[in-house]
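**Student:** Dropping the structure in here first, questions after.
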Amino acid sequence: MAVGTTLVTLAGISFFLGSPNFGLVGLIVSSILFCMGFILHELAHKYVAQGYGLWAEFRVNTTGLLLTAISVISPIKFIAPGAVMIAGFTDQGRMGRTAFAGPLVNVIITAGLLIVLPALETTGLYHAVLAGAAINAFLALFNLIPFAVFDGQKVFSWNKRYWAALFVVSLALTAYANFVLQPFS
């Protein structure tokens, strides 16, 4: 998890490196918010799975680590250094709810950051918190892609309405945060 978190942090910093609105403090705060989103996303999967009596553990994926490392220097970002692996007797509903928990956490973090954002408008933290919101919204949206091993495939297979609702909210939050952020990056 430490290696994955380090690479996620570096990829997060690379989103805003060189932006005139992000000094050292801004990069640190936005990186902390990005890491928090990554770690809490994965822990949500783990704890929901364990709540169902399943074994759950974060495992690094070599290909994912490599793609995340490349994302640090590339304009195209693919941030997936690993995932929570689950074992035990389960069904589509349990897997869907477990997968749903990760992006839901990122949506909650994004909403919380956007709620406090107006209070920070005159401070140096404004852009960093806005970036943290944008990155967490993107994490939710990216993970909800209904393809292959992404959370979105499991949620979509379990309940298309829940998937659509969370996908639309993630898309709206991503669009909003990036629209607000656009003039500042």
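The values are calculated or read from the model by the stated rules, or taken from the named source; none is laboratory data. The structure displayed is predicted, hence computed values, not measured ones. Because the Cβ atoms are built from the backbone with ideal geometry, glycine has one as well, and the counts that use them run over all protein chains shown.
**Student:** Select, from 22, 34, the only residue that is more than 20 Å from residue 148 (Cβ to Cβ), in contact with a His (Cβ under 8 Å, 6 or more places away or on another chain) and surrounded by 20 or more Cβ atoms within 10 Å (Cβ to Cβ). Spell out how you get there, then give the answer.
**Tutor:** Values: 34 fails: in contact with a His (Cβ under 8 Å, 6 or more places away or on another chain).
Step by step, each of 22, 34 is checked, and only 22 is more than 20 Å from residue 148 (Cβ to Cβ), in contact with a His (Cβ under 8 Å, 6 or more places away or on another chain) and surrounded by 20 or more Cβ atoms within 10 Å (Cβ to Cβ).
**Student:** Find the helices (runs of 4 or more DSSP H) located wholly in segment 116-185 whose residues include 1 or more that are among the acidic types (Asp, Glu) and within 19 Å of residue 98 (Cβ to Cβ), and list them.
**Tutor:** 151-158
**Student:** Hey, among the residues in segment 6-50 that are among the hydroxyl-bearing types (Ser, Thr, Tyr) and in a helix (DSSP H, G or I), which one's modelled with the highest pLDDT?
**Tutor:** Going residue by residue through segment 6-50, those that are among the hydroxyl-bearing types (Ser, Thr, Tyr) are 6, 9, 14, 19, 30-31, 47.
Then keep just the ones that are in a helix (DSSP H, G or I); that gives 6, 9, 14, 30-31, 47.
Details: 6: 82, 9: 79, 14: 78, 30: 84, 31: 84, 47: 97.
Ranking the qualifying residues of segment 6-50, first place goes to 47.
**Student:** From the list 107, 3, exactly one residue is assigned to a helix (DSSP H, G or I), among the aliphatic types (A, V, I, L, M) and under 17 Å from residue 133 (Cβ atoms). Which is it?
**Tutor:** 107
The rows are residues; the columns are (1) under 17 Å from residue 180 (Cα atoms); (2) touching a residue at least 12 places away in the same chain (Cβ under 8 Å).
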| site | (1), (2) |
| --- | --- |
| 59 | no, yes |
| 81 | no, yes |
| 88 | no, yes |
| 115 | yes, no |
| 120 | yes, no |
| 128 | yes, yes |
| 131 | yes, yes |
| 136 | yes, yes |
| 146 | no, yes |
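**Student:** If you don't mind, there's one more thing I want to ask. Scan segment 52-70 and tell me whether some residue there is surrounded by fewer than 16 Cβ atoms within 10 Å (Cβ to Cβ), at pLDDT 85 or above, part of a helix (DSSP H, G or I) and among the hydroxyl-bearing types (Ser, Thr, Tyr).
**Tutor:** Yes, that holds for at least one residue.
**Student:** Take the residues of segment 83-118 that are at pLDDT below 95 and either small (Gly, Ala, Ser) or touching a Pro at 6+ places or on another chain (Cβ under 6 Å) (or both): which is surrounded by the most Cβ atoms within 10 Å (Cβ to Cβ)?
**Tutor:** Across segment 83-118, the extreme among qualifying residues is 83.
**Student:** Separate question: Taking residue 83 as the residue in question, decide whether it is under 18 Å from residue 43 (Cβ atoms), assigned to a helix (DSSP H, G or I), hydrophobic (A, V, I, L, M, F, W, C) and in contact with an Asp or Glu (Cβ under 8 Å, 6 or more places away or on another chain).
**Tutor:** For residue 83, the condition - under 18 Å from residue 43 (Cβ atoms), assigned to a helix (DSSP H, G or I), hydrophobic (A, V, I, L, M, F, W, C) and in contact with an Asp or Glu (Cβ under 8 Å, 6 or more places away or on another chain) - is not met.
**Student:** Can you tell me which residue among 143, 159 is crowded, with 18+ Cβ neighbours inside 10 Å, polar (S, T, N, Q) and either at pLDDT 95 or above or within 18 Å of residue 95 (Cα to Cα) (or both)?
**Tutor:** 143
**Student:** β-branched (Val, Ile, Thr) and without any contact (Cβ under 8 Å) to a residue 60 or more places away in the chain: does that describe residue 110?
**Tutor:** Details: β-branched (Val, Ile, Thr): yes; without any contact (Cβ under 8 Å) to a residue 60 or more places away in the chain: no.
No; evaluated as a whole, the condition is false for this residue.
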